[in-house]
Structure formats: structure tokens, C-alpha cells
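A quick write-up on the structure given underneath.
The values are calculated or read from the model by the stated rules, or taken from the named source; none is laboratory data. Just so it is clear, the model here is predicted, and its values are computed rather than measured. In this analysis, Cβ positions are derived from the backbone assuming ideal geometry, glycine residues included, and neighbour counts consider all displayed protein chains. When the accessible area is computed, the model is the full protein with side chains, heavy atoms only, and any ligands, DNA or RNA have been set aside. Shrake-Rupley method; radii C 1.70, N 1.55, O 1.52, S 1.80 Å.
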Amino acid sequence: MVSGTQPEIVDRLKLARTPTPIITLEGFPHPARIHIKRDDLTGLLTTGNKIRKLSYLLSEAKELKAEVVITCGGIQSNHARATAIACRRIGLQPLLVLRGEPPDFLDGNYLIDNLTGSDLRFITRKDYEEVDRIMAEIKEDLDAMGKPAYVIPEGGSNEVGALGYRDCFFEIEGYLKEHKIGRVYIPVGSGGTYAGMLIGKKLRKSDVHLIGVIVCDTIEFFKEKIGEIVNRASERFGYQFKVTDADIELVDYQGKGYGIPYTEEIDLIKQLAQFGIFLEPVYTGKTFYGMLQEEKEGDLLFLHTGGLFALFSYREEFLKR
Ligand SMILES: Cc1ncc(COP(=O)(O)O)c(C=O)c1O
């Protein structure tokens, strides 16, 4: 180990059901051949990408003897829901800082947050800009009350959470070679999934293209954020690489904005349901839509990051079509 580095966090909890399968989308009308890494199958209630990250993060929380886990997100946050469930399974108390007003209607992820009996704190959109500080203050208060707390940043996206997606890259690398797949599409919302995949790619010295589809903020913002997560992991765990902007390939398919679906995307979600694949409008729908626009041939892999429960809160979009 290079001096100053720390041992990697070990995923002792093994909360994600992995390895997840990879399927080929037979008969889908598009000139490219589409393979899907089914990370929507990482767990029933903990479906999606977040549980891979949480397995590492909560392993660290346990190691640090935390009793409360604080995290944040939107009302329909997949990450907040997965955190609430995972915490309850391992005897930790979830505290969720949610952006916006408490809704009148229990729906999708928010319904599940409620059922877990998580401590829910609502803050305004404006205050949410300072959510890291707010979570740090809550932690300080809890620590002072003798309830040690562990803070997970938005989306579980830091150098510890990213290790979950380093593992995912290791899972797919053999398949990519076997099927001569040169391009992998990844949804980007807080950057940790992409960062983890890039760590895996760098560690394996792979030349596959990882294409991140951003659904909020800007390409510049995510290049910086992803670069920071990867380089922090490299420094902390003693990997021998550093990434630059050129290593991070991103395209922007946020359309009219975060959480606002493309009309064609709603049709695409309905079309994919005919193949038994369920996407949602915020992350996976936009990423799949973007991939179809970008690519016209060859073999591609789409990383299906789950998010099923958020689909229910979009029922009206489907009624309209
Ligand atoms: C279903 C789903 N897919 C993809 C993402 C994006 O992953 P990341 O936040 O690691 O960029 C998120 C969360 O942001 C998500 O909830």
C-alpha cells in the first residue's frame, strides 16, 4: 500500500443480489443490438443501483458503530427509499432529509419511506442547496446526544459508494469481451454509478467506452464531480491512476429538465414494457432514449439502474398518451 492510503472498505453486508443477469433485447426494432445489465434485479424492495453503493457505505457505517444513518434526496428519491429499507434490515435508524413540502399523497418511493418509519425531515428547495451542511449539523446534534450518526451524501455518490459500481464493472468485463461490446450506457444523476464503473475500467485497463447520460445539471458539473470521486478513491485506496476530463464521456438528455420526460420517452417506456423491461421517466427512460438517438449499429450494453417505484408517481403521463 502506498503510504497515506487506507485499506479498501470491505462489503461485509452483501446487501445487493449480485451478480445480476445480462439479457439481450431480442426483436426490439432498432439497428443496434442491445444488451441489458439487469441491475433492476439487485433486490425486490431495494431494486436498482443504490443498493450496490449502500452495501459498502453501510458496511463502513457499521464499522464506525453508527446507530443513525442520515441521507437526502427528492421526495421520490430511489436512494432515500433504498437507504431506509437497507438500514431497517441491519438495525440502523434511517433519517431522510427530503427536498420540498410533505406531499398529501403517499406514493411510490415516498410511500415506502413512510412504511419504514424513517425520521423524515423536509427542507425547501433553497435550503437543499446547503443539504451537506444541514446533514452535518444533524449529525453533530445526534452525536452529542449519544446517538452516533453516519452521513451518506446525495445518491450515495462518494468514493466509498462508488466501489459498488467498480464491482459491477468487474461483473460485466468478461461479457463485454465475449460479445465484442465497445459501448456501455449509464444513467447519471449524482455521478457515483458512472464513477464506480470508471474505477473498474481503469483498474482493468479496459478500452471500452462508458457513456454517461446526464439527466440534470451540466456536462461540466458532472465531469468535475465524477473526476473528483474517482481521484479521491484512487488516492484513498492507493490505486495508481488519475483521471482527467477526457476519460469521462457524457451526453446530455435532460430535455426540458430533471424529471420532465420527453413525449417519445413515455412511448418508449410503454414499448419496452412489451418486452418485460420496465424503465422510469427520470433516469433509465432518458438514458435508453438517449442511447437510441446516439447509436445506430453494433452491440451496446445498457445499465438498467432500476427505479421502478418512481414510475407510479408518473401515472398521469401515461394516462395522457
Ligand atoms: C433509478 C436510478 N438510476 C440512475 C441513477 C443515477 O445514478 P447516480 O446517482 O449514481 O448517478 C439514479 C439516482 O440518481 C436512480 O435513482
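Filtered by the rule that a residue be without any contact (Cβ under 8 Å) to a residue 40 or more places away in the chain and open to solvent by 10 Å² or more (accessible area, probe 1.4 Å), the range 273-286 gives Ala273, Gln274, Gly276. Filtering Arg52, Arg38, Arg12 for residues that are in contact (Cβ under 8 Å) with a residue 40 or more places away in the chain, more than 22 Å from Tyr185 (Cα to Cα) and not polar (S, T, N, Q) leaves a single hit, Arg12.
Scanning the range 16-28 for residues that are farther than 15 Å from Leu300 by Cβ and out of contact with any Leu (no Cβ under 6 Å at 6 or more places or on another chain) yields Ala16, Arg17, Thr18, Pro19, Pro21, Gly27.
Residue by residue, here is whether (1) farther than 23 Å from Leu311 by Cα; (2) assigned by TED's automatic domain parsing to the domain that holds Pro94 holds:
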site: Tyr110; (1), (2): no, yes
site: Ser118; (1), (2): no, yes
site: Leu142; (1), (2): yes, yes
site: Ala149; (1), (2): yes, yes
site: Tyr175; (1), (2): yes, no
site: Lys180; (1), (2): yes, no
site: Ala195; (1), (2): yes, no
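Among the residues making up the range 13-61, those that are small (Gly, Ala, Ser) and more than 16 Å from the ligand (Cβ to nearest atom) are Gly27, Ala32, Ser59, Ala61. Within the range 173-215, being in a helix (DSSP H, G or I), within 16 Å of the ligand (Cβ to nearest atom) and in contact with a strand residue (DSSP E or B) (Cβ under 8 Å, 6 or more places away or on another chain) holds for Thr193, Tyr194, Met197, Leu198, Lys201. Looking only at the range 237-262, which residues are modelled with pLDDT of 95 or more, of a type outside the set (A, V, I, L, M, F, W, C) and open to solvent by 50 Å² or more (accessible area, probe 1.4 Å)? Residues satisfying the conditions are Lys242, Thr244, Asp245, Glu249, Asp252, Lys256, Tyr258. Checked against (1) in contact with an Asp or Glu (Cβ under 9 Å, 6 or more places away or on another chain); (2) open to solvent by 30 Å² or more (accessible area, probe 1.4 Å), Lys270 passes all but a single condition, namely (1).
One residue stands out in the range 68-97 among those that are touching a Phe, Trp or Tyr at 6+ places or on another chain (Cβ under 9 Å) and away from the ligand (no atom under 14 Å from the Cβ): the one that is farthest from Thr124 (Cα to Cα), namely Leu92.
The residue that is surrounded by the fewest Cβ atoms within 10 Å (Cβ to Cβ), among those in the range 138-153 that are in a helix (DSSP H, G or I) and free of Cβ contacts under 8 Å to residues at least 12 places away in the same chain, is Ala144. Just to be sure before I move on: is Leu268 of a type in the set (A, V, I, L, M), in contact (Cβ under 8 Å) with a residue 24 or more places away in the chain and not in a loop (DSSP other than H, G, I, E, B) in the structure I sent? Yes: the conditions hold for Leu268.
Would you check if Met145 is of a type in the set (A, V, I, L, M, F, W, C), under 27 Å from Ala195 (Cα atoms) and more than 16 Å from the ligand (Cβ to nearest atom)? Lay out the reasoning, then the answer.
Numbers: of a type in the set (A, V, I, L, M, F, W, C): yes; under 27 Å from Ala195 (Cα atoms): no; more than 16 Å from the ligand (Cβ to nearest atom): yes.
Against the criterion (of a type in the set (A, V, I, L, M, F, W, C), under 27 Å from Ala195 (Cα atoms) and more than 16 Å from the ligand (Cβ to nearest atom)), Met145 does not qualify.
Within the set Ser157, Ser118, the sole residue that is touching a Ser or Thr at 6+ places or on another chain (Cβ under 6 Å) and open to solvent by less than 40 Å² (accessible area, probe 1.4 Å) turns out to be Ser157.
Condition (residue is at positive phi, touching a residue at least 40 places away in the same chain (Cβ under 8 Å), within 15 Å of the ligand (Cβ to nearest atom) and not aliphatic (A, V, I, L, M)) applied to the range 154-166: is it met by at least one residue? Steps first, answer last, please.
Keep residues of the range 154-166 that are at positive phi, which gives 155-156.
Of the ones still in play, those that are also touching a residue at least 40 places away in the same chain (Cβ under 8 Å) are 155-156.
Those left that are additionally within 15 Å of the ligand (Cβ to nearest atom): 155-156.
Checking the rest, the ones that are also not aliphatic (A, V, I, L, M) come to 155-156.
Yes, the range 154-166 contains a residue that is at positive phi, touching a residue at least 40 places away in the same chain (Cβ under 8 Å), within 15 Å of the ligand (Cβ to nearest atom) and not aliphatic (A, V, I, L, M).
Residues of the range 287-312 that are more than 9 Å from the ligand (Cβ to nearest atom), in contact with a Leu (Cβ under 9 Å, 6 or more places away or on another chain) and open to solvent by less than 10 Å² (accessible area, probe 1.4 Å): Phe288, Met291, Leu301, Phe302.
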